[in-house]
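Asker: Following this message is one structure expressed as structure tokens.
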């Protein structure tokens, strides 16, 4: 990998995003990778590499449509392992938030967010869902007060 220059503009954007500022303290020890389940099963995912790209300000690699950040399981193992309290998972979540603002998040994530905005739920409640809940003796699912959610989603 050849480094052309550091993108300080993107680094500042990441610094100003909740959870993103800690990337500045990563000294690339690799402790975040050792027990990472996503790194074990995906050759494309490496939290250490993601933090290196953040340190370099490589916006395209981190927020492009093929970004590896979407492979993160948000298990917080890296958070617990990091000796510098960098909290790699929170940096990755900050990157995901930047992607969502740029509309470069994966379509499934956009669909999920749109579902929450429209119904207050991540899954659709169908007549089958209602029937199965009744059979299992579960309470009927209550309607989510969308007006309250709309206030939360206001910029």
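Asker: Looking at segment 30-45 only, could you name the residues that are touching a helix residue (DSSP H, G or I) at 6+ places or on another chain (Cβ under 8 Å), assigned to a loop (DSSP other than H, G, I, E, B) and surrounded by fewer than 19 Cβ atoms within 10 Å (Cβ to Cβ)? Don't jump to the end; show me each part of the working.
Answerer: Start the filter on segment 30-45 by keeping residues that are touching a helix residue (DSSP H, G or I) at 6+ places or on another chain (Cβ under 8 Å), which leaves 30-39, 42, 44-45.
Add one more test, that the residue is assigned to a loop (DSSP other than H, G, I, E, B), and what stays is 30, 35-36, 42, 44-45.
Once the filter is applied, which keeps residues that are touching a helix residue (DSSP H, G or I) at 6+ places or on another chain (Cβ under 8 Å), assigned to a loop (DSSP other than H, G, I, E, B) and surrounded by fewer than 19 Cβ atoms within 10 Å (Cβ to Cβ), segment 30-45 yields 30, 35, 42, 44.
Asker: Just checking, which of 71, 97 is modelled with pLDDT under 95, within 19 Å of the chain's Cα centre (by Cα) and within 15 Å of residue 20 (Cβ to Cβ)?
Answerer: Testing whether each residue is modelled with pLDDT under 95, within 19 Å of the chain's Cα centre (by Cα) and within 15 Å of residue 20 (Cβ to Cβ) leaves just 97.
Asker: Being surrounded by fewer than 16 Cβ atoms within 10 Å (Cβ to Cβ) and free of Cβ contacts under 8 Å to residues at least 24 places away in the same chain, is that true of even one residue in segment 85-92?
Answerer: no
Asker: Still on this structure, please answer the following. Being assigned by TED's automatic domain parsing to the domain that holds residue 24 and in contact (Cβ under 8 Å) with a residue 12 or more places away in the chain is the requirement here; does residue 96 meet it?
Answerer: yes
Asker: Here's something else I'd like to know. Can you pull out every residue in segment 6-29 that is touching a helix residue (DSSP H, G or I) at 6+ places or on another chain (Cβ under 9 Å) and over 18 Å from residue 90 (Cβ atoms)?
Answerer: Matches in segment 6-29: 6, 7, 9.
Asker: Pick from segment 103-121 the residues that are under 13 Å from the mean Cα position of the chain (by Cα) and farther than 22 Å from residue 148 by Cα: which of them is surrounded by the fewest Cβ atoms within 10 Å (Cβ to Cβ)?
Answerer: 108
Asker: What number of residues in segment 130-155 are without any contact (Cβ under 8 Å) to a residue 24 or more places away in the chain and surrounded by 13 or more Cβ atoms within 10 Å (Cβ to Cβ)?
Answerer: Of the residues in that region, 2 qualify.
Asker: Looking at segment 63-84, which of its residues are touching a residue at least 40 places away in the same chain (Cβ under 8 Å) and crowded, with 19+ Cβ neighbours inside 10 Å?
Answerer: 63, 77, 78, 82
Asker: Here is a list: 78, 99. Which entry is closer than 20 Å to residue 35 by Cα and touching a helix residue (DSSP H, G or I) at 6+ places or on another chain (Cβ under 8 Å)?
Answerer: From the options 78, 99, the qualifying one is 78.
Rundown of residues vs (1) touching a helix residue (DSSP H, G or I) at 6+ places or on another chain (Cβ under 8 Å); (2) modelled with pLDDT of 95 or more; (3) over 23 Å from residue 108 (Cβ atoms), yes/no style:
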residue: 4; (1), (2), (3): no, no, yes
residue: 64; (1), (2), (3): no, no, no
residue: 83; (1), (2), (3): yes, yes, yes
residue: 91; (1), (2), (3): yes, yes, no
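Asker: Of the residues 51, 55, only one is surrounded by 19 or more Cβ atoms within 10 Å (Cβ to Cβ) and part of a helix (DSSP H, G or I); which?
Answerer: Numbers: 55 fails: surrounded by 19 or more Cβ atoms within 10 Å (Cβ to Cβ).
The unique qualifying residue is 51.
The values are calculated or read from the model by the stated rules, or taken from the named source; none is laboratory data. The shown structure was predicted, so the numbers you read here are calculated from the model rather than taken from an experiment. A quick note on method: Cβ atoms are made from the backbone with ideal geometry, for glycine too, and the neighbour counts reach across all protein chains shown.
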